[in-house]
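Working notes, structure below.
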Amino acid sequence: MFIVDSFNSSALRSALEKKMVPAMEFLKNRGYFNESCVSVFPTMTPTCASSIITGASPRDHLVPGFEWFCRAERRIVNYGSSPLAVWKMGVGRAVRELLFNLNHIQLSSKVKTLYESLEGAGFTTGAVNPYIFRGGRPYRPRIPLILQLAAGFGLKGKLRGPGSLFLGSLCPPETGQRLKMLLSPRYYWKFGFNDQYSGTVGRWLIKKGNQPDLLTIYLPDTDGYSHRHDPNHSEESLKSADRQICKVLGAFQSWDEALEKNTIIIVGDHSQSLVGKDGASMVHLGRELAGFSQAALGRESCAACEIAVCVNERMSYIYILRDRERILPLATEILKGVRGVDQVAWKEGDWCRIIQAGGGELIFRPGRDVWDQYGQGWSCKGQPSAAGARISGHSVTFGEYPDALAQLYNALGCENAGDIVVTAKTGFEFTGDWGPTHPGCGSHGSLHKIDALVPLFVSGEAFGTSSPRLLDLAPFIRSRHGLQ
Ligand SMILES: [Zn+2]
C-alpha cells in the first residue's frame, strides 16, 4: 500500500492525461479506481494516517489533528507544523511528540494498527517512512547528531513498530544498502523522510526477498510541493511519486508479475485546495477571540487561560478551558461572524450543532429517521444545508461536504478534540502566532470535498464499493488475511 500525502484528484487527472504517471495508469487500467474516496475530518495527516492504519475514526483512535490541546497535560500538542512552532516547543519536544508520543501514548491503545492485527495472527508486516507505525517489535532510533545537539541530547527511548520498520536515517536499512544510499545524498534529504528513500527502500526490501505480507510505503513529498504551489497542478510531484512506484513494481520480473503476486493499493491521506494570494485570505482566529485569555504553544502553565485555539490549516479547534457555559455561546457568536469562516460546530449533550456562517443551522445525532449512503442512520432537526446535505424521504445525501454528519460527529466525539470546530471557506486558511501560512498555494484541513476527496487505486483483488472511504481500507486488508 502506497500512501501519497496530499493526493489531489484533479492534478492526477491531468497527470494521467499527459501520460506523466505510467505506474498509476497501469494500475488504474488493471483494477479498481475511484477519484472520490472520502478522507476523515480534520483532513490532517496524523488523523488520516491513524484512520488508514487502524480503520477507526478519530472518535476511537483519539488523534484529532496536527495541533490540539491535551486536557490531561494542560498543554498544546503540535507535531512540528512549522519551523517557528518547533522553535517555540523546542526541538526535543517536537521530535518526541511525533516519534514517541503520537504512536505510543496518543494513538488509543484500544484500537489496533494493521501491523498489530496482522502480526498477532502470524503475518509479517513492514512500513517505510510511516506516520503511524505502532507494532510489537522494539527499535532504538538513531537520532541524528544535529537533532541531538538541538534537543540538548535529550532524545532517547525505544519505538515499537512492525517487523520491518524504516524511518529515514532514524531507522535506516542495513549497512550495505545504507552505504549505497549515502552515495546519493538526495536520499538523506529531510533525514530520509522523502519519496526517493521510500521507493528505494521498498524496492530493496522486495529485491532481497524480504517483502512482508503487508508493506506500506509512505510518499511524503507531494504535501510539501502542494504547500508551495497550486495543489490542483501538482503533476510534477505526482510524476516523481509515480517514479518511486515504478521502482517498487520494477523489483518484480514484470509489472504483470507484481500484480499476480500482490494486491496493490495507492491512496491519498487527504487532498489540498488553493488559498487566496492576499493577506485577507489568512484568518487569525486567536486575534478574533482576543477577548479571552489563551494558552500558548510551549507554555506549560495555562491555569488562568480561558481558551486554547489550535489551528489545523483550514480548520481549527477552540478548547474551552473553564467557564464553558459562559464562554461557549460568546465564542461561537463571534466565530460565525468572522470573515472566511465557513462552519462552526459543537456538541450539545449527545447532539451536534452546526451553523453555516451566514446560512442555516442543523442539530443531529445518530438515529433512525434518515439514512445516508454509508448505511448510517441519523436524527436531524433544522436545515440540512448547514452541512451541505439534502433530505428527501428517509434518505440524506451530501454535496460539498462528503459524509459530513459522520465526519463532524466523529471529530466532535473524539475526547481530544476541541469544544468547538471551525472550518474555513474555500480559498481561506486559518493562522496563528506560529504559522504556517500558504498564501497563493495549497492548504487542507476542512470538511469540504476539495480537501477531503482523494484518489484510490486497488489492483489485484476485487474492491467493490462505489462510495469508498479511507475507513474501508483497514477492514479490507484485514479481511484479505482472514481477520475481522
Ligand atoms: Zn500538509
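Every read-out reported here was derived from the displayed coordinates using simple, explicitly stated rules and does not represent laboratory data. What you are looking at is a predicted structure, and each value in this text was computed from that prediction instead of being measured. Positions of Cβ are generated from backbone atoms using ideal geometry, with glycine treated the same way; all protein chains shown enter the neighbour counts.
Shown in residue order for the stretch 420-436 are the 3J(HN,Hα) couplings computed by the Karplus curve 6.51 cos²θ - 1.76 cosθ + 1.60 at θ = phi - 60°: 10, 10, 10, 10, 9, 5, 3, x, 10, 9, 7, 9, x, 6, 10, x, x Hz (x for Gly and Pro).
Taking the chain, the Cys residues with no second Cys beta-carbon under 4.7 angstrom are Cys37, Cys48, Cys70, Cys171, Cys246, Cys310, Cys352, Cys380, Cys414, Cys441. Kindly list the residues of the stretch 227-266 that lie in the label zone of Asn210, defined by a backbone N under 11 Å from the point 7 Å along the Cα-to-C-beta vector. Counting backbone N atoms under 11 Å from the label point, the list is empty. Relative contact order for the chain: 27 percent, from Cα pairs under 8 Å spaced at least 6 residues apart, divided by residue count. If you take all other residues with their beta carbon under 13 Å from the beta carbon of Ile327, and give Lys and Arg +1 and Asp and Glu -1, the sum is -2.
Rounded to the nearest 500, the helix-only mean residue ellipticity at 222 nm of the chain stands at -8000 deg cm²/dmol, with each DSSP H run of n ≥ 4 adding -39,500 (n - 2.57).
Summing +1 for each Lys or Arg and -1 for each Asp or Glu among the other residues whose beta-carbon sits under 12 angstrom from that of Asp5 gives -4. Peptide packing: for 263-276, 424-437, the average count of neighbouring Cβ atoms within 10 Å per residue gives the ranking 263-276, 424-437, highest mean first.
Direction-averaged projected area, Cα convex hull, the chain: 21.9 nm², rounded to one decimal.
Rounded to 0.05, the FRET efficiency of the Asp433 and Arg186 pair, given R0 = 35 Å and the Cβ-Cβ distance, is 0.55.
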